[in-house]
Amino acid sequence: MNIFRLTGDLAHLIAIIILLHKIWKSRSCAGISGKSQVLFALVYTTRYLDLVTSYVSIYNTFMKFVFLATSYATIYLIYVKFKATYDHNHDTFRIEFLILPSLALALLINHYFNFLEVLWTFSIYLESVAILPQLFMVSKTGEAESITSHYLFALGSYRALYILNWIYRYATEGHYDLIAIVAGVVQTVLYCDFFYLYITKVLKGKKLQLPA
Amino acid sequence: HEETILHDEL
């Protein structure tokens, strides 16, 4: 474990808590893409199946349960509890165009062709594009509430910090995982446009307006 | 040449 990965996990946890708190407090999921949340739940479910087969550390196990529980809780809030506030009209990204190619790629490019490893690889590829429905929704509505942009900033930062972690691990342990690195770079690049707007606008108190 | 990798990252 290193400071980059620790702050990365913290940023990830903060993002999830910001979102849950926003939906719970405002009792509304307006502006939130339920489809991205479904993709995240699919990412954690397929990635953390190894909870039953291997043990890394109490931290690792605890965080996996937290991510699984919070992602399903968020889906419950969006599709069940506050489903009246769910914005069907703007959350229209075809997620099958993200799931199927990720699965196909995971079957073709992986470290080992066995069940858990292919699912892990699928979760890595899917996570890199899981935010697209949310970014698409923000661009369709043309704007995002500032709390939603804080959520996106924290979520985007988590994988950017993981890139620093991978550099650090390669430099100190000679350890690297190309699949995770390439997907992580793609994932972070997808946020760049948003990062620019967040830093130039939201931090100056303006509303986040994405060119529709 | 183990068939399973221990993924230690979240």
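Electrostatic bookkeeping for A:Leu164 treats Lys and Arg as +1 and Asp and Glu as -1; over the other residues with beta carbon under 14 Å from its beta carbon, the sum is +1. For the stretch A:48-57, the Karplus equation 6.51 cos²θ - 1.76 cosθ + 1.60, evaluated at θ = phi - 60°, returns couplings of 9, 5, 6, 4, 8, 10, 9, 10, 9, 6 Hz by residue, with Gly and Pro reported as x.
Between amide H atoms placed 1.01 Å from N, distances below 5 Å from A:Glu143 occur with A:Leu210, all of them 5 or more places distant or on a separate chain. Checking the Cα-Cα distances for A:Lys22/A:Lys204; A:Lys83/A:Lys207; A:Lys81/A:Lys206 against a 29 Å cut-off, the pairs over it are A:Lys81/A:Lys206.
Order by neighbour count: A:Ser146, A:Ser33, fewest other Cβ atoms within 10 Å first, most last. Walk me through the numbers on the way to the answer.
Details: A:Ser146 16, A:Ser33 28.
Ordered from fewest to most neighbouring Cβ atoms within 10 Å, A:Ser146, A:Ser33 come out as A:Ser146, A:Ser33.
Check each of the chymotrypsin sites (Phe, Trp or Tyr not before Pro) in the stretch A:27-60 and keep only those in coil by DSSP with at most 15 other C-beta atoms within 10 angstrom; list them in order. It would help to have the intermediate numbers written out before the result.
On the way: sites: A:Phe40, A:Tyr44, A:Tyr48, A:Tyr55, A:Tyr59; in loops: A:Tyr55.
Qualifying residues, ordered by number: A:Tyr55.
Centroid-to-centroid, using Cα positions, the stretch A:68-92 and the stretch A:123-144 are 15 Å apart.
For the stretch A:36-103, trypsin sites (Lys or Arg not before Pro) meeting the loop criterion (DSSP other than H, G, I, E, B) and having at most 11 other Cβ atoms within 10 Å: A:Arg94.
Net charge near A:Val186: determine it from the other residues with C-beta under 13 Å of the C-beta of A:Val186, scoring Lys and Arg +1 and Asp and Glu -1.
Details: positive: A:Arg159; negative: A:Glu127.
Neighbourhood net charge equals 0.
Residues A:Met1, A:Met63, A:Met137, arranged from fewest to most other Cβ atoms within 10 angstrom of their Cβ, appear as A:Met1, A:Met63, A:Met137.
Using Cβ counts within 10 Å as a stand-in for footprinting exposure, how do A:Trp24, A:Trp166, A:Trp120 rank, fewest first?
Details: A:Trp24 15, A:Trp166 20, A:Trp120 24.
Ascending Cβ contact count within 10 Å gives the list A:Trp24, A:Trp166, A:Trp120.
Using the Cα coordinates of the stretch A:1-75, the gyration tensor eigenvalues translate into equivalent-ellipsoid semi-axes of 24, 15, 10 Å, sorted from longest to shortest. Each Lys or Arg adds one and each Asp or Glu subtracts one; over the other residues with Cβ under 13 Å from the Cβ of A:Leu13, this totals +1.
Entry note, the protein assembly as shown: the mean residue ellipticity at 222 nm calculated from DSSP H runs of n ≥ 4, each adding -39500 (n - 2.57), is -22500 deg cm²/dmol after division by the residues and rounding to the nearest 500. Dividing the Cα radius of gyration of the stretch A:38-108 by 2.2 N^0.38 Å, with N the residue count, gives 1.36.
The equivalent ellipsoid of the stretch A:1-40 has semi-axes of 25, 12, 5 Å, largest first, where each one is the square root of 5 times an eigenvalue of the Cα gyration tensor.
State the three equivalent ellipsoid semi-axes of chain A, derived from the C-alpha gyration tensor as the square roots of 5 times its eigenvalues, in descending order and whole Å. Walk me through the intermediate numbers first.
Numbers: eigenvalues 152, 78, 60 Å².
After scaling each eigenvalue by five and taking roots: 28, 20, 17 Å.
Here, each number is a calculation from the coordinates, and none is a lab measurement. These numbers come from a predicted model, not from an experiment. Glycine gets a Cβ as well: all are built from the backbone with ideal geometry, and neighbour counts include every protein chain shown.
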